[in-house]
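The values are calculated or read from the model by the stated rules, or taken from the named source; none is laboratory data. As the structure is a computational prediction, the values presented were derived from the model and not from experiment. Glycine gets a Cβ as well: all are built from the backbone with ideal geometry, and neighbour counts include every protein chain shown. Accessible surface is based on the protein model in full, side chains and every heavy atom, while ligands, DNA and RNA are left aside. Shrake-Rupley method; radii C 1.70, N 1.55, O 1.52, S 1.80 Å.
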Amino acid sequence: MKRPIYLDYHATTPADPRVVEAMLPYFTEHFGNPASRAHAFGWVARDAVEAARAQVAALIGAAARDVYFTSGATESNNIALRGAARALSARGRHIVTVVTEHPSVLETCRHLQDSGFVVDVLPVERSGLVDLARLEATLRPDTILVSVMAANNEIGVLQPLDRLGAIAAARGIVLHTDASQAIGKVPFDVSRTGTTLVSFTAHKMFGPKGIGALHVRRRSVELPPLVFGGGQERGLRSGTLNVPAIVGFGRAAEIAHQELVQEGARLARLRDRLLEGLLAAIPGLHVNGTMAERLPHNLNVSFEGVEGEALTTAIDDIAVSSGAACGTGTATPSPILRALGVDPELALASVRFGLGRWTAAEEIEYVIEKMSRVVAGLRRVRAAV
Ligand SMILES: *Cc1c(COP(=O)(O)O)cnc(C)c1O
């Protein structure tokens, strides 16, 4: 068994070797600029980009022409939220989002607030889910945009997008979703989600870093660009296309599309075994977020009676994220766990496990055994002082 064991697949994933293999010729032999219309180098690159666009679109049940390539989900979220806000500002200036969103949504909303929009940030239930009645009550005649993520990056909970979509559609409100953690992991079909704008990224689904996409439902909203130039991506996002990364994203989407159901079931079994093993060995274990509506490869737990920093230091051969948002100096508890109402000390003593394509059963057994040993040891030390 190779150590450290990587269980931080929500932070990023390695590129699948099949993805890298598909990319390689586009660095060298097929290096053309897809905007070169006059020769075969350009045509080859352009064909590759359009094939990848079709692969990415197929993964989410979309038409290829509604998928725009960006540098990742952060940029997609910026284009979507800032673009929709500007495009719809004549109709209203009220925006609704949720406290557990990714910083690339929350900070963008804060920026919009500074530019004269009114932003309501909804709380979540103890489960991590939004209360739809509360959301409906927050909507106003001048609400133009609602942004709710598909799956949370820390606790993996899945928001009820289909119902949110129905609520938004009934009022003519644009629904944006950051689906970075969901797409490629659980079935996601834009013909069912009721979303207007969907952001996602390749490096969370075994593709390369620095490439993502935005799905824009046709005839929904006319997004103005943030970056001007050569008019690539039909004017929405100028700049020479990153052809190797786009090819890799396409291949990653194709693999996910083929393997998602089976792989999801395999990971859910491993994740459930991890939870069962930890519960059996460690008293005072708390699960953060509902297990009922959740990504199959996520587990987030807190340990009573241990100190967060000592815990992360002790689990040195398992790569996971902790519930401490490490800025400068002292650790602060994760805002997402705090939003669920988790006690600050418990939030600091929490671990996010993200399983993935190369997670093996023997690794899960090792993690159960190691976590039990570490937590028991830390509690003994604490009891002795
Ligand atoms: C990783 C992630 C992002 C950022 O994606 P990048 O492609 O790294 O910019 C945004 N939202 C969520 C939910 C994420 O997990």
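Of Ile167, Ile173, all but one fail to be in contact with a strand residue (DSSP E or B) (Cβ under 6 Å, 6 or more places away or on another chain) and more than 21 Å from Gln262 (Cα to Cα); the exception is Ile173. Summed over the range 171-205, the residues that are buried (at least 23 other Cβ atoms within 10 Å of the Cβ) and farther than 21 Å from Val98 by Cβ give a count of 4. Within the bounds of the range 65-77, is there any residue that is more than 19 Å from Gly248 (Cα to Cα) and without any contact (Cβ under 8 Å) to a residue 24 or more places away in the chain? No, the range 65-77 contains no residue that is more than 19 Å from Gly248 (Cα to Cα) and without any contact (Cβ under 8 Å) to a residue 24 or more places away in the chain. Might you check whether a residue that is within 16 Å of the ligand (Cβ to nearest atom), touching a residue at least 60 places away in the same chain (Cβ under 8 Å), at negative phi and crowded, with 17+ Cβ neighbours inside 10 Å occurs anywhere in the range 16-35? The answer is yes; a qualifying residue exists. If you filter the range 60-80 down to residues that are of a type in the set (A, V, I, L, M) and open to solvent by 10 Å² or more (accessible area, probe 1.4 Å), you find that the one that is nearest to Ile211 (Cα to Cα) is Ala73. Only residues that are among the small types (Gly, Ala, Ser) and either under 17 Å from Asp120 (Cβ atoms) or not in a helix (DSSP H, G or I) (or both) were counted across the range 67-80, and they come to 2. Set side by side, the residues Gly235, Gly284, Gly248 differ, and just one is over 24 Å from Glu362 (Cβ atoms), without any contact (Cβ under 8 Å) to a residue 40 or more places away in the chain and not assigned by TED's automatic domain parsing to the domain that holds Ile368, which is Gly235. All conditions but one from (1) within 16 Å of the chain's Cα centre (by Cα); (2) away from the ligand (no atom under 16 Å from the Cβ); (3) of a type outside the set (D, E, K, R) apply to Thr240; the one that does not is (1). When Gly61, Gly32 are screened for being in a loop (DSSP other than H, G, I, E, B), outside the structural domain of Thr359 (by TED's automatic domain parsing), in contact with an Asp or Glu (Cβ under 7 Å, 6 or more places away or on another chain) and not hydroxyl-bearing (Ser, Thr, Tyr), only Gly61 passes. For the range 206-221, state whether one or more residues are open to solvent by less than 10 Å² (accessible area, probe 1.4 Å) and part of a helix (DSSP H, G or I). No, the range 206-221 contains no residue that is open to solvent by less than 10 Å² (accessible area, probe 1.4 Å) and part of a helix (DSSP H, G or I).
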